Amino acid sequence: MTIKESRPEVTAGATGTTPLLDVRNLKVHFPVSTGALFGRTTGYIKAVDDVSLSVKSGETLGLVGESGSGKTTFGRAVLRLLEPTAGQVFFDGEELTSLSNKEMRQRRRHLGMVFQDPYGSLNPRMTAGGIIGEPLKIHKLFSGKEDYRQQVGDLLELVGLSRTMADRYPHEFSGGQRQRIGVARALAGKPQFIVLDEPVSALDVSIQAQLINLLQDLQEEFNLAFLFIAHDLSVVRHISDRIAVMYLGKLVEISNYKDLYDNPLHPYTQALLSAVPLPDRALERKRERIILKGDIPSPRNPPSGCVFHTRCPMAVEECKTIVPTMREIAPGHQAACIRL
């Protein structure tokens, strides 16, 4: 089964209209302490460090990078499942980072999340119907038992499952079916924006295509905005309007999907794309692979200057001291590199 190409061309970033989600200078730093209870703080893990981006209504923004780049932390901080250290998150014009916990719980009806692990993200003691219906109960979105059962059944059918499956437990479903339950749960509150945290990485390739096609259909039907987090650039290409690339907690490039794949600017993006297999074997044999030296540094002690300079094939002496800022290199195409 193949992934359908139904996405319209996007020639610019999230400009020209007010974004549904607007993240400004977001930081998530975790303190590192000595001792178990009352040890002093000796440093910070800079999981997300001064990241700004926006997502329009109905748009999919892909967020990619290696493991440890801060993608999942960023997605959770946007929804305040993790509290940001600094920065602002605006959703539909309202600043989420200034809301109390009670106010934030009320706003979460309009925000959904699908987690990476289809096995660990579902409560094994709850039925599929109970899992999907939990947001309906939390936000009081039903008028009685019959309406509740009807909505749960409708959500099951919406994601391609049978309403007769409502009384089954998670262990009775396949991985792909479990992830569909996770999608149904995310849709229960009728959200406008959903964070998809590597939703297909644990699934077989054929099942990945089915789930991505489902997500595209749902987005078109309900005008949903997605933040699609992944490490697989070949998957992100099929669903994203724009793609943002993260490295060691920093945003290094953002562009519409076509320009990013046709003309990657940042050397890190170039290296990631060089590892994506091409369907044309002749082109694949001729293509030069970019092998990055070393491992990704620790976010507890990131390199000075540009965080990528220790692995960058283009690095010069200035890269060790100058912190590059995101700037527009071409219309709608931004990168953070002093060599560009």
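The values are calculated or read from the model by the stated rules, or taken from the named source; none is laboratory data. Only a predicted model underlies this, so the values are computations on that prediction, with no experimental measurement involved. FYI the Cβ positions are ideal-geometry reconstructions off the backbone, even for glycines, and counts take in every protein chain you see.
Going residue by residue through region 44-55, is there one that turns out to be of a type in the set (S, T, N, Q) and either touching a Gly at 6+ places or on another chain (Cβ under 6 Å) or at pLDDT 95 or above (or both)?
Initial filter on region 44-55 (of a type in the set (S, T, N, Q)): 52, 54.
With the extra rule that they be either touching a Gly at 6+ places or on another chain (Cβ under 6 Å) or at pLDDT 95 or above (or both), the set shrinks to 52, 54.
Yes, region 44-55 contains at least one residue that is of a type in the set (S, T, N, Q) and either touching a Gly at 6+ places or on another chain (Cβ under 6 Å) or at pLDDT 95 or above (or both).
Just checking, which of Ala271, Ala336 is under 29 Å from Phe30 (Cα atoms), modelled with pLDDT of 95 or more, crowded, with 16+ Cβ neighbours inside 10 Å and out of contact with any helix residue (DSSP H, G or I) (no Cβ under 7 Å at 6 or more places or on another chain)? Break it down into steps so the answer makes sense when it comes.
Working: Ala271 fails: modelled with pLDDT of 95 or more.
When all the criteria are applied, what remains is Ala336.
Given the conditions (1) buried (at least 24 other Cβ atoms within 10 Å of the Cβ); (2) under 29 Å from Gln334 (Cβ atoms); (3) out of contact with any Phe, Trp or Tyr (no Cβ under 8 Å at 6 or more places or on another chain), and given that Arg242 satisfies all but one, which numbered condition is not satisfied?
(3)
Would you check which residues across region 70-108 are exposed (fewer than 13 other Cβ atoms within 10 Å of the Cβ), assigned to a loop (DSSP other than H, G, I, E, B) and charged (D, E, K, R) and list them?
Glu83
Return yes or no: is Pro118 in contact with a helix residue (DSSP H, G or I) (Cβ under 8 Å, 6 or more places away or on another chain), of a type outside the set (Ser, Thr, Tyr) and within 21 Å of Glu172 (Cβ to Cβ)?
Values: in contact with a helix residue (DSSP H, G or I) (Cβ under 8 Å, 6 or more places away or on another chain): yes; of a type outside the set (Ser, Thr, Tyr): yes; within 21 Å of Glu172 (Cβ to Cβ): yes.
Criteria met by Pro118.
Starting from region 11-39, take each residue that is more than 17 Å from Ser52 (Cα to Cα) and of a type in the set (S, T, N, Q) and list its partners that are modelled with pLDDT under 85 and not in a loop (DSSP other than H, G, I, E, B), counting only C-beta distances under 6 angstrom and pairs at least six apart or across chains.
From region 11-39, the pairs are Ser33/Thr41; Thr34/Thr42.
Consider only pairs whose beta carbons are under 6 Å apart and that are at least six residues apart or on different chains; among these, list those whose first residue lies in region 87-101 and is within 13 Å of Leu53 (Cβ to Cβ) and at pLDDT 95 or above and whose second residue is assigned to a helix (DSSP H, G or I) and of a type outside the set (S, T, N, Q).
Taking only residues 6 or more apart or on different chains, the pairs are Val89/Val78; Val89/Leu96.
Would a scan of region 218-229 turn up a residue that is modelled with pLDDT under 90 and either in contact with a strand residue (DSSP E or B) (Cβ under 6 Å, 6 or more places away or on another chain) or surrounded by fewer than 18 Cβ atoms within 10 Å (Cβ to Cβ) (or both)? Before you say what the answer is, go through the steps one by one.
Start the filter on region 218-229 by keeping residues that are modelled with pLDDT under 90, which leaves none.
Scanning region 218-229, I find no residue that is modelled with pLDDT under 90 and either in contact with a strand residue (DSSP E or B) (Cβ under 6 Å, 6 or more places away or on another chain) or surrounded by fewer than 18 Cβ atoms within 10 Å (Cβ to Cβ) (or both), so the answer is no.
Show the residue pairs that are 6+ apart or on different chains and have beta-carbon atoms under 6 Å apart, the first residue being within region 248-261 and farther than 14 Å from Gly305 by Cα, the second being β-branched (Val, Ile, Thr) and in a helix (DSSP H, G or I).
As it stands, the answer is Glu253/Thr269, since those pairs meet every condition given.
Got a sec? Which of Pro118, Pro124 is modelled with pLDDT under 95 and crowded, with 22+ Cβ neighbours inside 10 Å? Steps first, answer last, please.
Values: Pro124 fails: crowded, with 22+ Cβ neighbours inside 10 Å.
Every option except Pro118 fails the conditions.
Of the numbered conditions (1) surrounded by 14 or more Cβ atoms within 10 Å (Cβ to Cβ); (2) over 14 Å from Ile194 (Cβ atoms); (3) of a type outside the set (Lys, Arg); (4) modelled with pLDDT of 95 or more, Asn25 fails exactly one; give the number of that condition.
Condition not satisfied by Asn25: (1).
Kindly establish whether Leu203 is in a helix (DSSP H, G or I), more than 23 Å from Cys306 (Cα to Cα) and modelled with pLDDT under 95. Explain how you work it out, then say what you get.
Details: in a helix (DSSP H, G or I): no; more than 23 Å from Cys306 (Cα to Cα): yes; modelled with pLDDT under 95: yes.
So Leu203 does not fit the description; no.
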